[in-house]
Amino acid sequence: MDLFQAISERKSIRAFKPDPVPREKIKEILRLAVHAPSAINLQPWEFIVVAGEEKDRLSRRLSKAYKERQISCSPGNVKPLPEIYGQRGRANSQSMEPYLKDTGVTFKQFTNEGSCDFYGAPVAIIICLDDAFSNARMVDIGAALGYLILSAHGIGLATCPIGLIAAYEDEIRDLLNIPENKHVIIGVALGYPDGENSVNRFKSSRDDLNKFVRWIE
Ligand SMILES: Cc1cc2nc3c(=O)[nH]c(=O)nc-3n(C[C@H](O)[C@H](O)[C@H](O)COP(=O)(O)O)c2cc1C
């Protein structure tokens, strides 16, 4: 698939078929993901691939943790955000809501409970970072995440990045035997898109380029 086509077509998928993903395909995506650049080529990313019954166990544990602690999807800002970001967030949830009519749940319920279940995907990839690194290395993780989701799209698989799971790091660490010195940064739901589910017809929009770019020449 053409690179520009993959970039413009890719979108987060929030309903998956239960069909398992062959290990070779997952390996192919990961091989491409680690082509991402990283500072001094340290390649600080670590991937844990969770599938089958273990993935179901992970979903159950996260759903239980969400019911108990109710930590929701959030941008994790450290100060109040400028209004433009509030506007974009509201516009996104409002534009997704019509696609959720069949589910009978609110956007908040759908995204929080869905995220804990990786939206029913058969595979969850957990990306970790050694706690010896500073937050600057999140850039490297972000680059690998970008490569991973585009590579998946390129071979006909669907993804949704799941940042919410980082809030439940302790539960994930316990279930997957992740050492204390590794941080859970983000998860990725991976599988085949459920073409029947209306939520997958939603495609998020982007603001005008002029809102992001300042030219100095
Ligand atoms: C760092 C990061 C964390 C995210 N966390 C979640 C999440 O927890 N749950 C979810 O449903 N989507 C999550 N997403 C997906 C975003 O909501 C999505 O990328 C955004 O709305 C743009 O839509 P698109 O991916 O379809 O282009 C996350 C994306 C990123 C990059």
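Looking across segment 101-111, the residues that are within 12 Å of the ligand (Cβ to nearest atom) and in contact with a helix residue (DSSP H, G or I) (Cβ under 6 Å, 6 or more places away or on another chain) come down to F107, F110. Can you confirm whether segment 155-164 contains a residue that is open to solvent by 40 Å² or more (accessible area, probe 1.4 Å), more than 14 Å from the ligand (Cβ to nearest atom) and more than 19 Å from G76 (Cα to Cα)? Looking for residues that are open to solvent by 40 Å² or more (accessible area, probe 1.4 Å), more than 14 Å from the ligand (Cβ to nearest atom) and more than 19 Å from G76 (Cα to Cα), one finds at least one in segment 155-164, hence yes. When only residues in segment 95-125 that are of a type in the set (D, E, K, R) and within 17 Å of the chain's Cα centre (by Cα) count, which is surrounded by the fewest Cβ atoms within 10 Å (Cβ to Cβ)? Filtering first and then ranking leaves K108.
Taking the criterion of being away from the ligand (no atom under 15 Å from the Cβ) and open to solvent by less than 30 Å² (accessible area, probe 1.4 Å), the only residue of segment 176-197 that qualifies is I178. Check whether at least one residue in segment 17-30 is surrounded by 18 or more Cβ atoms within 10 Å (Cβ to Cβ) and within 16 Å of the ligand (Cβ to nearest atom), and report yes or no. Within segment 17-30, none of the residues are surrounded by 18 or more Cβ atoms within 10 Å (Cβ to Cβ) and within 16 Å of the ligand (Cβ to nearest atom).
How about segment 94-122: which of its residues are among the β-branched types (V, I, T) and either out of contact with any Phe, Trp or Tyr (no Cβ under 8 Å at 6 or more places or on another chain) or closer than 16 Å to L190 by Cβ (or both)?
V105, T106, T111
Taken over segment 45-94, the criterion of being farther than 23 Å from G120 by Cα and either among the small types (G, A, S) or open to solvent by less than 60 Å² (accessible area, probe 1.4 Å) (or both) is satisfied by W45, G76, I84, G86, G89, A91.
The values are calculated or read from the model by the stated rules, or taken from the named source; none is laboratory data. No experiment lies behind these values; they were computed from the predicted model shown. Backbone-built Cβ (ideal geometry, glycine too); neighbour counts: all protein chains shown. These accessible areas exclude ligands, DNA and RNA; they are computed on the full protein's heavy atoms, side chains included. Shrake-Rupley method; radii C 1.70, N 1.55, O 1.52, S 1.80 Å.
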